[in-house]
Amino acid sequence: MIGERTVEGFEALVIASESGDLDATFVPAAGMVGCSLRHRGEELLGRRRGLRAYATERSTMGIPLLHPWANRLGSERFTVAGRELRLDLDSLPLNRDPAGLPIHGLLAGERGWRVERHEPVSGGALLAAGFDFGADEALLRAFPFAHELRVEARVEGSALTVATTVRASGEQAVPIAFGFHPYLLLPGVDRREWEIEVPVRERLALDASLLPTGERGPASVEPGPLGARTFDDAYVAPPEAAPLALAGGGRRIEVRLGSGYPYTQLYAPADDDVVAFEPMTAPTNALVSDGSVLQVIAPGERYEAEFSIAVSGAERS
C-alpha cells in the first residue's frame with residue numbers, strides 16, 4: 001500500500017503493510033527524513049520540534065539520516081583519506097551541539113533527493129530515493145568526496161527496513177561514517193514504565209564532550225524499566241544482531257542492526273520522552289580521530305548498510 005499526504009507543508013510519501021497495521025512516512029524534499037511510523041494508528045516516533053524545524057533549523061526528529069557523519073566531531077578542520085575537510089565555511093548548512101561542535105552531518109532538510117521508486121511489493125510497499133553528493137559544489141567544498149547515496153525504505157508485515165547504499169562516484173576514495181537516529185516512543189505509556197533491552201557487551205569510553213577517548217571496556221545495561229535512567233552512550237553493536245528493544249503498554253519495538261552497522265549509540269534524555277537506538281557505521285568522531293576503525297571505499301565501490309524496526313503487540317480493541 002502506498003500513498004501521499006502533506007506534513008507541515010511538505011509533500012510526504014507513505015508506505016504501508018498489506019494489512020495496514022504498520023505505515024511509515026518519509027519526506028524526500030526534507031532530507032529523506034522519516035517523519036512518522038504508525039502501528040495500528042498510533043505514532044511511534046518522537047517528532048520533537050517537528051518537520052519544519054528539522055528542514056529549516058536542522059533540529060532532529062523522527063528517523064533522520066546523519067551524513068556524512070553521525071553525532072559530533074571534535075574539530076572543524078582536519079584531514080581524512082588524504083583530503084582536508086573545512087566545516088567552518090559561512091555558507092555551510094551546519095548544526096552544532098551545545099558546546100559548538102559540528103553535529104549530525106550536512107544533509108538535514110536537504111531538498112536534492114530524487115524519488116526512484118514508490119510502489120507496492122509483496123507484503124507491503126517500498127520507497128527509494130537517491131542523492132548525488134558529488135553534484136553539490138557547496139557540499140563538496142566541505143566534504144570533498146564525490147559519492148551517490150541511495151536510501152530504500154520498505155514496510156513488510158510488521159517491520160520497516162531501511163537500506164542505505166553509498167557509491168564512490170569520483171576518483172577519490174570515500175570515508176564512511178553515516179548513521180541514523182530513530183527517536184522511538186511508546187504512546188500512552190509513562191516513560192518511567194518503558195522497558196528497555198540493550199544486549200551490548202562492549203562500551204566505548206567518552207570524554208566530557210561525548211567524544212570517544214579510544215578506550216573500550218565491558219558493558220552491561222540492566223534490562224527493565226527505564227525509570228529515571230538517562231543515556232547518551234556509545235557501544236559496539238550487539239553480537240549476532242540481537243535486537244535492541246523498547247516495550248510497554250502491550251507493545252514491543254525491536255531495532256536490529258544488520259550488515260554495515262558495527263556500532264550503536266543509546267540516547268534517552270531526561271527532557272524528552274524518546275529512546276534512540278542508533279545504527280552507526282563508525283564511532284562518533286571517527287573522521288577526525290580514529291582512522292583504525294574508519295572504513296573507506298575505493299572509487300567505484302559501494303558500501304551497504306541496513307537496519308530494521310519491528311513492532312508487535314498492542315492489539316486493537
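When residues of segment 161-195 are filtered for being under 19 Å from the mean Cα position of the chain (by Cα), under 23 Å from Cys35 (Cα atoms) and not in a loop (DSSP other than H, G, I, E, B), how many remain?
So the answer is 10.
Does Ala153 count as within 16 Å of the chain's Cα centre (by Cα), part of a strand (DSSP E or B) and under 24 Å from Ser308 (Cβ atoms)?
yes
Do the conditions hold for Phe145, that is, is it assigned to a loop (DSSP other than H, G, I, E, B), aromatic (Phe, Trp, Tyr) and crowded, with 18+ Cβ neighbours inside 10 Å?
When the stated conditions are applied, Phe145 passes them.
Can you confirm whether segment 266-278 contains a residue that is assigned to a loop (DSSP other than H, G, I, E, B) and within 27 Å of Gly134 (Cβ to Cβ)?
no
Being at pLDDT 90 or above, on the phi > 0 side of the Ramachandran plot and surrounded by 23 or more Cβ atoms within 10 Å (Cβ to Cβ) is the requirement here; does Gly41 meet it?
No, not satisfied.
Hey, among the residues in segment 224-237 that are within 23 Å of the chain's Cα centre (by Cα) and not in a strand (DSSP E or B), which one's nearest to Tyr267 (Cα to Cα)?
Thr230
Does segment 112-122 contain at least one residue that is buried (at least 20 other Cβ atoms within 10 Å of the Cβ), touching a Leu at 6+ places or on another chain (Cβ under 8 Å) and at pLDDT 95 or above?
no
Being within 28 Å of Ile297 (Cα to Cα) and acidic (Asp, Glu), is that true of even one residue in segment 92-102?
No, there is no match, as no residue in segment 92-102 is within 28 Å of Ile297 (Cα to Cα) and acidic (Asp, Glu).
Any chance segment 25-38 includes a residue that's modelled with pLDDT of 90 or more, of a type in the set (Val, Ile, Thr), surrounded by 20 or more Cβ atoms within 10 Å (Cβ to Cβ) and out of contact with any helix residue (DSSP H, G or I) (no Cβ under 8 Å at 6 or more places or on another chain)?
Within segment 25-38 (the criterion being modelled with pLDDT of 90 or more, of a type in the set (Val, Ile, Thr), surrounded by 20 or more Cβ atoms within 10 Å (Cβ to Cβ) and out of contact with any helix residue (DSSP H, G or I) (no Cβ under 8 Å at 6 or more places or on another chain)), the answer is yes, since at least one residue qualifies.
The values are calculated or read from the model by the stated rules, or taken from the named source; none is laboratory data. If you're wondering where the values come from, they're calculated on a predicted model, not measured in any experiment. Don't worry about glycine lacking a Cβ; one is built from the backbone with ideal geometry, like all the others, and counts go over all protein chains shown.
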